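The values are calculated or read from the model by the stated rules, or taken from the named source; none is laboratory data. Predicted model only: the values in this text are computed from it and were never measured. Neighbour counts are summed over all protein chains in view; Cβ atoms, including those assigned to glycine, are modelled from backbone coordinates with ideal geometry. Please note that ligands, DNA and RNA were not included when accessible areas were found on the heavy atoms of the full protein model with its side chains. Shrake-Rupley method; radii C 1.70, N 1.55, O 1.52, S 1.80 Å.
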4 protein chains.
Amino acid sequence: MQIKAYKLLTSSPSDTTGIERLFSEQLIEPSEVICIIGKTEGNGGRNDFTRDLSMRAFEELFAERLGIGRKEVGERIIFSLSGGCEGVVSPHIIVIGRYGKAVDKPLPLKRLAVGTGFTREFLAQEVGRMAQVEETARVIRQIVDELKVDLKDVHLVQMKGAIPHYSYEEGVAAMKSGKPMRSDMVYSRGASALGAAVATGEVKLNELSDDSICSDWSKYSSTASCSAKPGLTRTEIMVMANSSYYEGDLTINSGVLKDMIDVDGVRNVLEGLGITMRGGQLSADSTSRLVGIFAKSEADPRGTIRGRRHTMLTDDDISDTRYSRCVLSSVLAGVTGDTAVYVSTRSEHHGPLGGGTLSIIARTR
Amino acid sequence: MQIKAYKLLTSSPSDTTGIERLFSEQLIEPSEVICIIGKTEGNGGRNDFTRDLSMRAFEELFAERLGIGRKEVGERIIFSLSGGCEGVVSPHIIVIGRYGKAVDKPLPLKRLAVGTGFTREFLAQEVGRMAQVEETARVIRQIVDELKVDLKDVHLVQMKGAIPHYSYEEGVAAMKSGKPMRSDMVYSRGASALGAAVATGEVKLNELSDDSICSDWSKYSSTASCSAKPGLTRTEIMVMANSSYYEGDLTINSGVLKDMIDVDGVRNVLEGLGITMRGGQLSADSTSRLVGIFAKSEADPRGTIRGRRHTMLTDDDISDTRYSRCVLSSVLAGVTGDTAVYVSTRSEHHGPLGGGTLSIIARTR
Amino acid sequence: MQIKAYKLLTSSPSDTTGIERLFSEQLIEPSEVICIIGKTEGNGGRNDFTRDLSMRAFEELFAERLGIGRKEVGERIIFSLSGGCEGVVSPHIIVIGRYGKAVDKPLPLKRLAVGTGFTREFLAQEVGRMAQVEETARVIRQIVDELKVDLKDVHLVQMKGAIPHYSYEEGVAAMKSGKPMRSDMVYSRGASALGAAVATGEVKLNELSDDSICSDWSKYSSTASCSAKPGLTRTEIMVMANSSYYEGDLTINSGVLKDMIDVDGVRNVLEGLGITMRGGQLSADSTSRLVGIFAKSEADPRGTIRGRRHTMLTDDDISDTRYSRCVLSSVLAGVTGDTAVYVSTRSEHHGPLGGGTLSIIARTR
Amino acid sequence: MQIKAYKLLTSSPSDTTGIERLFSEQLIEPSEVICIIGKTEGNGGRNDFTRDLSMRAFEELFAERLGIGRKEVGERIIFSLSGGCEGVVSPHIIVIGRYGKAVDKPLPLKRLAVGTGFTREFLAQEVGRMAQVEETARVIRQIVDELKVDLKDVHLVQMKGAIPHYSYEEGVAAMKSGKPMRSDMVYSRGASALGAAVATGEVKLNELSDDSICSDWSKYSSTASCSAKPGLTRTEIMVMANSSYYEGDLTINSGVLKDMIDVDGVRNVLEGLGITMRGGQLSADSTSRLVGIFAKSEADPRGTIRGRRHTMLTDDDISDTRYSRCVLSSVLAGVTGDTAVYVSTRSEHHGPLGGGTLSIIARTR
């Protein structure tokens, strides 16, 4: 079994020419594709329709190539499209495929493996509470088991978290019962991340309670990358890890960023991939090995970075989410020389408060 | 003669408490101050009133301390306040003072020297044309001579360029005469920068003509940092250089950034200051030596960076000027660990197209 | 022959449920639809992808219902989707269909008629010059003749203007020849509008020259509503008029707005439709008669409205296009009580400088 | 006793030339001025420094003219500067003065009277709760008594509400005690408005409880116009009413707007001033009678206006506060022909949900 991954620059959210070229050059078969992850050039907010446009274009393409309906495509391929290409970020997608036969005994070198799964459907009152943390952790562990990887080899737990709708009356009832609804972006992302932290053993379940979610920031995952989508009733999960049962030329590493300018944190992740920073930017050769750079960013909610005031949270013209993506993308592009970086924002329980997580896929060559 | 420089974080554009503390702690006398350069938290655009608010607060303070009128303060002290603290940038000012007696013979070590001057008043039709380039170069050379420094020791030519007003009728007449008015931000900055390039010998006067201004991007300065202000009739110039006739513990270096993520360019400037990048962020000790980081940024007008598309110029929600400042500030903060960076935007003839200039003042220790 | 028109509110740019309901309730047949005109909730700028998303959704729907390809749908139905639902504007579309047999002799009452056409392909150097004005006028006249309507009965000339691409070299060559390229939004809209003014006899061809386009604002159309689209090589034209050869219950009227708060101008257009403003908002009954409200808006380029300063052009956080749409939409919604108004922005030669055009379709009942 | 009021257009937030002209033309004495109310061209948000700049300029002017300190000016004159001149709004101030001797018996005609006062200092835990409502109501009643006006003659209760700071620990303690802190903009504005409603008898004190504040929107004031300022410990109150003990040529009226396009609501307020809308814009003569137009606006939090979706709350590029000010200002400017309108945003308990309040000062002539 082997993972293929191709980074493709896009000329617009609906640009499918790169994928079509992969097909025509027989680098990948439509049926091998398991995931498309990328950045589209919207604002990443509520009125960002670039993700919908992109999804629709990809679904149409795969529907035609696979001879199935558009809806079936969505069930078969995971689309992680994130809006917001602030600053130097070049809009791009990473097409990930899986092919080949299962390997039956462990190989000497570990290579990138990808597994996917879904939680059960959540009730609105479960979101942002321990029920979500536990179920998320359970499914991640199940995927990890299926991949036959060690927990320490898990380097990216990409999730799109559930946010079930609830009625105004249900909201009032929850408030009155003393357990106000938390079925929103912030809590869903936070609980998803803690689910990953529990699954990988970074946090023990008994260290957590409903109260610690989005409150005790000392508990966090160093591999999670969570978004959340209103209306989604179950969480979509993709786990990337290094496995002895996978072949190929791809490997992954991850680490924690302690704040948005934590270049030492970036260095640590690169070094784990055998890529050395020598003072200055990576060499062109090292840059060319990078296939996917995935990070979570956050404008430090305390209003300071390293004790100095920042103004991202008090600027009423530009959202802090756009700023924090721009900052971390620029830092990553500066260090690596690669502007096709995937930075997604707000990082509750992803690394320490004001920090984030970083995962990088590289060719082993 | 010696230059003093203090970097002060501000809590708002009108925060003068830091300067007042410098006075009360007798670190600097009001009468020694020759320049205040800093970033305020506005949008850096036409409706950015943070610079006015800041100016007014500083002028009032100095008027009271020096017992002179507010207008006199403005003639005595150069205020270079630049709006736009995007991303991690911490609003700050650098208070620069000069004191001590003239040194009459050269010292073994060169130290930071600062000189200032003004061009003659420009006519609107001269701006953005060779007349502006030549007069600007002349005044810079004069300041350089007064400072008794070598041209290669000039590392920052900070200018606020003239943009004389002209009437609608004068505009039409200029258009008809075949020499349309260029009395605007773009041309004034461009001609100022070429003036610096000519003064320092980077570009020869006979290589230039009216046509090459804001058109032949192969000609540029590597030390200029120019803004321009509508209504200003003469250009304000401040030259920073290393001089054998100055004492103290401050030194300056500069270089060109070939694009907004040119970390190797940053390394070169740091190395000239005896600060080594070892792969990762500067050590805390090195960071603490940095007194002023001044750079010019630009969203590459070709729409690409290193061949890859960026979207800064097609985003109609956020100005490219805000993006480019955010990008370069983030890169500089990541490399140096210092978030109090001064990045000003649009860099016509400041380094190559899509690039910029970088000057850093550091303590020698 | 008869025109049908239905105003449908949309829940998102890709919402086709309203049209599907029209079909299922047999109010209109897919094959009868000739035009969909509406507002989507993007920024109306270069990075507004809501129009693409909407187009794609509509094309898919019609492709399926008509059993033709998506591209053929685009050739058969005119889509005029305009981004920007600022303020109270409710995203909506107006579905326009034509059905029935040609009427062979004039009827006593004139009713709404709609005709469409295309100019020949333009060269880049023709755009924004007399060649575009003349060809546009020619095609409008041709459509008017086909509709058998009087020029005074023409009340809306909706156009999507050509903006052919040209190479950098072609641009330089044009500049050198003394006729710089004008193949941009501003000039294409301006020349389209003057084309309409010539066609309807408001401006005589011999009063115009290349120099007057986007310069002599005393020449304008009172029925044009022009956008322009980069890459389009021919201009799409739709003419709405009252015709003796059309039956049905729809009628149209138009007029000029002298500035963005010209409520008296609105009153005049309503009165022509037999709808009286009595001091306050229209009665609910009158509001219910309004089927389509189409206007062009503009932040007065002189920086004042009725002699008083406005700040729409100096606000670097929000585009003047968004402001001007918000202003005129609010004025129209206030007067009429209808928030589903179609306001499109920048109005070169659409009414006087700082003003615009207004066309309203109403049921006759 | 008599009130003078002059509307002055400003060329920038620090423009004091209009006031200086009033002084030099002896239309008003510096010592007569009791209030300056106006709109400055910032974003009206947290990073809007135009109000500070304006305050500083006015304080300096009055300090010099009255020979007192800047701080004393602030205690003597009420400055109600509100940021946000969206759309057609022309930045302006209204200078209000009081002069003459007290009238000892009632006159046949009622004229504009202005009274001011301050609440006691609030504790953080009182804000947004009944303690704030009651104290606010008490002070308003006291001012009303001093003015010797009927409650029905009160037409504007302009307030800047207290928002005392509290420590993180105090916040946690309040949360634990079951009474979480409400010392924020929303609750302070809401409780201030309810204080006005209680004072004027629109709402009975016993109809209210802590729970109804910012929750039971059926309770509201029709004369309040409240902002709130972080750090302010007592609420500043200004009451405008028609009084038999005041002379002059100014009168005021007020009313409720049921939503942001409620032109009938505007008509009612105008009619109370003897100004009739005849279908179209006010006549130039009527427009010239308008001295101050003060309104509160709100993007309806339910996401709809008259049952139709609006997108002001889901647009992550532009704040709903800017949109709602732009909308209501445009409607008011359209109806009245006056672009110098003062619209301030978010209107908790100011008129019904999604609506606001409107007060207009006019010359009686």
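Table for the structure above
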read-out	value
Placed amide H near D:SER243: partners under 5 Å, 5+ positions off or other chain	D:ARG111, D:LEU112, D:ALA113
Convex hull volume per residue in cubic angstrom - Cα atoms of the range D:281-352	100 Å³
Spherically averaged projected area in nm², based on the convex hull that wraps the Cα atoms of chain A	18.6 nm²
Amide H contacts of A:THR304 (H built 1.01 Å from N, under 5 Å, at least 5 apart or other chain)	A:HIS310
J(HN,Hα) series, the range A:121-131, from Karplus relation 6.51 cos²θ - 1.76 cosθ + 1.60, nearest Hz, glycine and proline x	5, 9, 7, 4, 6, 7, 5, x, 10, 4, 4
Residue-averaged [θ]222 nm for the protein assembly as shown, counting only DSSP H segments that reach four residues, each worth -39500 (n - 2.57)	-9000 deg cm²/dmol
Kirkwood-Stokes translational diffusion coefficient of the range D:21-61, alpha-carbon pairs, 4 °C, 1.567 mPa s, µm²/s	109 µm²/s
The protein assembly as shown, accessible area per residue, ligands and nucleic acids excluded (1.4 Å, Å²)	36 Å²
Length-normalised contact order of the range D:31-122 in % [C-alpha pairs under 8 Å, at least 6 apart]	43 percent
Prolate/oblate/rounded call for the range B:1-102, Cα gyration tensor, a/c under 1.5 rounded	prolate
Complex-versus-alone comparison for the range C:249-278, residues with a loss of 20 Å² or more in accessible area, probe 1.4 Å	C:ILE261, C:VAL263, C:ASP264, C:ARG267, C:MET277
Mean-position separation - Cα centroids, the range D:312-363 and the range C:266-291, in angstrom	23 Å
Ratio Rg/Rh, restricted to the protein assembly as shown and using Cα atoms, in which Rh is the Kirkwood radius	0.96
Delta accessible area of at least 20 Å² on complex formation, residues of the range D:20-48, 1.4 Å probe, chain isolated as reference	D:GLU41, D:ASN43, D:ARG46, D:ASN47
Bins of 10 Å from zero: percent of alpha-carbon pairs in the range C:221-326	11, 33, 33, 20, 4, 0
Of all accessible heavy-atom area on the protein assembly as shown, the percent that carbon and sulfur account for (1.4 Å)	48 percent
Antiparallel bridge percentage (DSSP; both residues within the protein assembly as shown; nearest 5)	70 percent
Backbone HN-Hα couplings from phi across the range A:11-22 [Karplus 6.51/-1.76/1.60, Hz, Gly and Pro as x]	8, 6, x, 9, 6, 10, 5, x, 5, 4, 5, 4
Mean projected area (nm²) of the alpha-carbon convex hull when the range B:58-118 is viewed from all directions	7.1 nm²
As computed over the range D:140-257, the Cα convex hull volume per residue (Å³)	113 Å³
Inter-centroid distance (Cα atoms) of the range A:179-236 relative to the range D:154-226, Å	34 Å
1.4 Å probe, heavy atoms, protein only - residues of the range A:52-84 losing at least 30 Å² accessible area vs chain alone	A:LEU53, A:ARG56, A:GLU60
Mean Cβ neighbour count within 10 Å, used as a protection proxy, ranking C:78-85, D:171-178, B:36-43, C:209-216 highest first	B:36-43, C:78-85, C:209-216, D:171-178
Long-range HN-HN contacts of A:VAL343 with modeled amide H, under 5 Å	A:ALA295
For the range C:92-117 versus the range B:107-138, the gap between their alpha-carbon centres in whole angstrom	70 Å
All Cα pairs of the range D:115-209, percent lying beyond 22 Å	30 percent
Summed buried accessible surface, chains B and C, 1.4 Å probe, nearest 100 Å²	900 Å²
Which listed pairs, of C:LYS7/C:LYS296; B:LYS101/B:LYS152; D:LYS4/D:LYS101; A:LYS296/B:LYS39; C:LYS258/D:LYS39; D:LYS105/D:LYS148, have C-alpha distances above 21 Å, in listed order	B:LYS101/B:LYS152; A:LYS296/B:LYS39; C:LYS258/D:LYS39
By average C-beta atoms within 10 angstrom, highest first, the peptides D:292-301, D:91-100, C:10-19, C:328-337	C:328-337, D:292-301, D:91-100, C:10-19
Cα-projected label distance for B:LEU109 with B:TYR166, points at 7 Å along beta-carbon direction, nm	5.1 nm
Phi to ³J(HN,Hα) by Karplus 6.51 cos²θ - 1.76 cosθ + 1.60 over the range D:328-338, Hz, x for Gly, Pro	5, 4, 5, 4, 5, 5, x, 5, 8, x, 10
Cα principal axis extents for the range D:57-197, largest first, Å	56, 37, 37
